[in-house]
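Since the structure comes first, as structure tokens, the remarks are kept for the end.
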Amino acid sequence: MRVMVTGGTGTVGSAVVGELVSRGVSVRVLTRSAERAAALPAGVEGVVGDLLDPDTVRTAFAGADGLFLLNAVSTTEAHEGIMGVHGARLGRVGRIVYLSVQEAERAPHLPHFGAKLAVEAAVVASGIPFTILRPNNFFQNDLWFRQALVEHGLYPQPIGAAGISRVDVRDIAEAAAIALTGEGHAGETYELVGPEALTGERCAAIWSAALGRPVAYGGDDLDAWEAGARQYLPAWMAFDFRQMYGHFQTVGLAGSAAAVARQTALLGHLPRPLAAFAAECAATWRDSAGI
Ligand SMILES: NC(=O)c1ccc[n+]([C@@H]2O[C@H](COP(=O)([O-])OP(=O)(O)OC[C@H]3O[C@@H](n4cnc5c(N)ncnc54)[C@H](OP(=O)(O)O)[C@@H]3O)[C@@H](O)[C@H]2O)c1
């Protein structure tokens with residue numbers, strides 16, 4: 001079986017590549033960078049191209065039995081996603097697994113949620129057997145906060161107190177590989193969630209236990225968060241994420257018990273908990289003398 005992975009040099013896609021390779025799948029990764037193509041794991045073929053480039057869309061997808069379609073958060077996300085679906089049609093790809101986001105329809109005003117609704121619609125209308133994965137907020141986002149956690153004792157992601165069922169990217173990657181290689185997933189949409197609806201305070205407490213030192217939640221002040229985020233993110237992205245955090249604070253993004261049970265049946269194991277991820281990170285950071 002041959003699978004094309006977009007986003008295969010990123011957080012989720014690289015984990016999907018690992019899961020597919022471990023299942024004996026022949027994997028191609030689309031990347032804009034010849035350097036990143038050359039650095040892919042042994043046996044994985046890199047295809048240099050860009051979802052915004054018609055020539056890529058015309059040629060890169062031919063011969064693939066499956067497509068894992070992931071698009072980065074960008075101002076052209078919907079365009080890139082629809083181009084990916086178009087490429088799958090032109091290349092006569094056998095199935096698509098699309099990475100969306102949980103409960104996108106409840107927050108279509110968030111640019112990177114609304115973009116995914118447009119791509120989902122194109123996937124569904126493509127006529128190609130599809131599976132849609134709708135994950136919650138990733139545990140792996142916390143890797144960006146290593147310095148805040150370790151040096152300042154702060155958990156900075158302003159997710160509030162309503163509760164969001166954050167998920168481990170490794171669970172997402174397993175789900176993707178199962179949907180790409182297994183049977184019975186066509187037409188299905190899977191929410192991918194962690195075992196617990198986490199608050200900001202609870203994330204801080206979990207990191208505090210893992211690191212063995214006090215970690216405080218940074219609080220819900222979104223003006224302060226956006227002003228800080230604009231130091232390192234483009235303004236449009238800081239705005240988008242600020243609105244998302246506002247949505248998390250007011251509405252939450254909790255997974256239902258039914259979603260957890262369905263995911264457990266799909267993966268064959270319970271969702272990984274944040275405490276396990278934090279403990280692994282703390283051990284790695286200790287080994288690298290980072291804490
Ligand atoms: N973070 C979360 O908590 C969360 C939760 C739910 C859903 N999501 C969704 O997950 C997605 C992000 O996943 P991620 O964190 O794994 O991404 P990531 O690490 O930021 O990687 C982005 C990938 O997209 C590729 N890419 C970017 N622009 C491209 C283009 N024009 N043509 C082809 N490839 C392109 C990049 O490849 P090259 O740079 O090598 O070209 C890279 O592999 C977003 O859609 C986000 O909304 C995130």
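The values are calculated or read from the model by the stated rules, or taken from the named source; none is laboratory data. Note that the structure is predicted; figures quoted are calculated from it, not measured. Here the Cβ positions follow ideal geometry from the backbone for every residue, glycine too, while neighbour counts run over all protein chains shown.
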Identity of the residue in the range 9-43, touching a residue at least 60 places away in the same chain (Cβ under 8 Å) and within 11 Å of the ligand (Cβ to nearest atom), that ends up surrounded by the fewest Cβ atoms within 10 Å (Cβ to Cβ): Thr11
Working only within the range 206-229, note down all residues that are under 24 Å from the mean Cα position of the chain (by Cα) and closer than 14 Å to Phe277 by Cβ. Ile206, Trp207, Ala210
Total residues in the range 80-134, condition of a type in the set (Val, Ile, Thr) and either under 14 Å from Val3 (Cβ atoms) or away from the ligand (no atom under 14 Å from the Cβ) (or both): 6
Considering every residue within the range 246-269, establish whether at least one is free of Cβ contacts under 8 Å to residues at least 12 places away in the same chain, part of a helix (DSSP H, G or I) and either touching a His at 6+ places or on another chain (Cβ under 8 Å) or among the polar types (S, T, N, Q) (or both). yes
Which ones in the range 198-225 are crowded, with 18+ Cβ neighbours inside 10 Å and assigned to a loop (DSSP other than H, G, I, E, B)? Thr199, Val215, Gly218
Grab the helices (runs of 4 or more DSSP H) fully contained in the range 1-112, keeping just those with 2 or more residues being among the small types (Gly, Ala, Ser), under 27 Å from Tyr245 (Cβ atoms) and under 20 Å from the mean Cα position of the chain (by Cα). 11-22, 77-90
So which of Ala259, Ala282, Ala275 is at pLDDT 95 or above, under 29 Å from Leu69 (Cβ atoms) and of a type in the set (A, V, I, L, M, F, W, C)? Ala259
